[in-house]
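What follows is a short report on a single structure.
Taken together, the values in this text are just the output of simple stated rules run on the coordinates, not laboratory data. This one's a predicted model, so the numbers in the text were calculated from it and none came from an experiment. All Cβ positions, even for glycine, are placed from backbone atoms using ideal geometry, and neighbour counts span all protein chains on display.
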Amino acid sequence: MVDKQRRLVIAGAGGRDFHNFNTVFRRDESTKVVAFTAAQIPGIEGRSYPPSLAGPLYPDGIPSWRRRSWPT
């Protein structure tokens, strides 16, 4: 494991966020994905990306947060 991990929230749209996670970050021990955000998926808040898809670095899965608004 890496001494210092960068923490990352992936803001996504229509599944591209999950694809990016799976292809870039799923096995990257230097990065800890702490959440996904979504505006397009109703009821996403409180759900999580399942451990079976997230992989061994994420035994509890990855939570999803509903994106409310971005700072201007």
_Counting only other residues whose beta carbon sits under 10 Å from that of ILE10, what net charge do I get with K and R as +1, D and E as -1?_
0
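Gain in length, HIS19 to ARG66, computed as 0.36 nm per residue apart minus the alpha-carbon separation, to one decimal in nm?
15.1 nm
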*Grab the other residues whose beta carbon is less than 11 angstrom from that of TYR58, score K and R as +1, D and E as -1, and report the net.*
+2
